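Below is one structure, written out as structure tokens; comments come after it.
The values are calculated or read from the model by the stated rules, or taken from the named source; none is laboratory data. On a predicted model such as this, the values are computed, not experimentally measured, just so you know. So basically every Cβ, Gly included, is an ideal-geometry build from the backbone, and we count neighbours across all protein chains shown.
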Amino acid sequence: MSRRVVVLGGSGFVGRRLVARLLADGHRVCVLSRDAATRGRAPAGAGHRAGDVYDTAFLGEAFAGADAVVNLVGILNERGDDGSGFRKVYVELADAAIDAMRAAGVRRLLQMSALHAGDGASHYLRARGEAEARVADSGLDWTLFRPSVIAGPGDGLFCRFAGLLRFAPGLPLGGADVRFQPVWVGDVAEAFARALVDDATIGQRYDLVGPEVMTLGGIVRLTAQTLGWRRFVLPLPGALGRLQAEVGEHLPGKPISRDNWRSLRQDSTSDDNGLPKLGIAPTDVRAKLPEILGAAA
């Protein structure tokens, strides 16, 4: 059955894939953003509304008549390092969306979170965890998705390291032994699309991970190997890793930040993969690397 779906973050990395997937299924999709310029980044066929996404009145108008809301909005770094940027994007936006959904009479909410949200000292993970709690206590028909790092063309993982390695013989790397389970962006979009039409997913949290555990150092090496580049990885001990993050905090684009370093204090893996529960066979990210890194070659 066709549904009217409003997507926050629909012009982003995951959002573009999900919106295209929902349109292919015959759903009517409206993408909300703060900037009218993002209209061109949303897939053809989707509606678009620009406004203050923290304004419950704007959200309420946009949600009117919708069957479901999807919240994909996210950042990996904040300006400064006090957690306020993460709380605004995750907690305050979740609060605004929940209030607006109640006012508009919309019950179905699909919310992006992160693996191990609420754990550790990272401002990012703490804000993700607090947003999860707000959603779980909302009384709405919610589903939460908790991916490890997401891989795909233009990602902030393999493609980001490709950019760092392009003109360097190697990369000093703090947290080189930290483990991840990169998940294919298409699998993440598919998880949202399937949950949207399956009421059995209401009130559930799904960890989303790929089939292979990789260390951070291994991810960097695999990036270089795929591109045919000879590069070295120099694992840094804890003190030097913290120093690298301190320096990175003040560099343009924050290639690594203090909060990234806090997040690297724990692995991003799961033994409870939600993809098979949704009938999705996890994609081999290693086999996708030529596609992921094609533009960087």
Residues being more than 21 Å from residue 109 (Cβ to Cβ) and surrounded by 18 or more Cβ atoms within 10 Å (Cβ to Cβ) - total across segment 53-80: 2
Wholly enclosed helices (runs of 4 or more DSSP H) of segment 1-107 bearing at least 1 residues more than 23 Å from residue 124 (Cβ to Cβ) and touching a Ser or Thr at 6+ places or on another chain (Cβ under 6 Å): 93-104
Every residue from segment 107-117 that is under 19 Å from residue 62 (Cα atoms) and surrounded by 24 or more Cβ atoms within 10 Å (Cβ to Cβ): 110, 111
Some residue of segment 252-269 being free of Cβ contacts under 8 Å to residues at least 40 places away in the same chain, of a type in the set (Gly, Ala, Ser) and more than 21 Å from residue 179 (Cα to Cα): yes
Any hit, segment 232-248, residues being over 24 Å from residue 126 (Cβ atoms), out of contact with any Leu (no Cβ under 8 Å at 6 or more places or on another chain), crowded, with 16+ Cβ neighbours inside 10 Å and modelled with pLDDT of 95 or more: no
Qualifying residue in segment 118-125 (condition: part of a helix (DSSP H, G or I), modelled with pLDDT of 95 or more, under 15 Å from the mean Cα position of the chain (by Cα) and buried (at least 22 other Cβ atoms within 10 Å of the Cβ)): yes
Residue list for segment 200-221, filter: touching a residue at least 24 places away in the same chain (Cβ under 8 Å) and farther than 30 Å from residue 237 by Cβ: 201, 202, 203, 204, 205, 206, 207, 208, 211
Total residues in segment 238-264, condition closer than 22 Å to residue 151 by Cβ and in a loop (DSSP other than H, G, I, E, B): 6
Test: residue in segment 139-150 that is part of a strand (DSSP E or B), modelled with pLDDT of 95 or more and either closer than 17 Å to residue 222 by Cα or of a type in the set (Gly, Ala, Ser) (or both): yes
Residue satisfying all of: in segment 4-52; β-branched (Val, Ile, Thr) and more than 25 Å from residue 149 (Cβ to Cβ); surrounded by the fewest Cβ atoms within 10 Å (Cβ to Cβ) among these: 29
Residue selected from segment 201-228 under the condition surrounded by fewer than 20 Cβ atoms within 10 Å (Cβ to Cβ), small (Gly, Ala, Ser) and part of a loop (DSSP other than H, G, I, E, B), by the criterion modelled with the highest pLDDT: 203
Residue 154 vs. criteria assigned to a loop (DSSP other than H, G, I, E, B) and surrounded by fewer than 23 Cβ atoms within 10 Å (Cβ to Cβ): yes
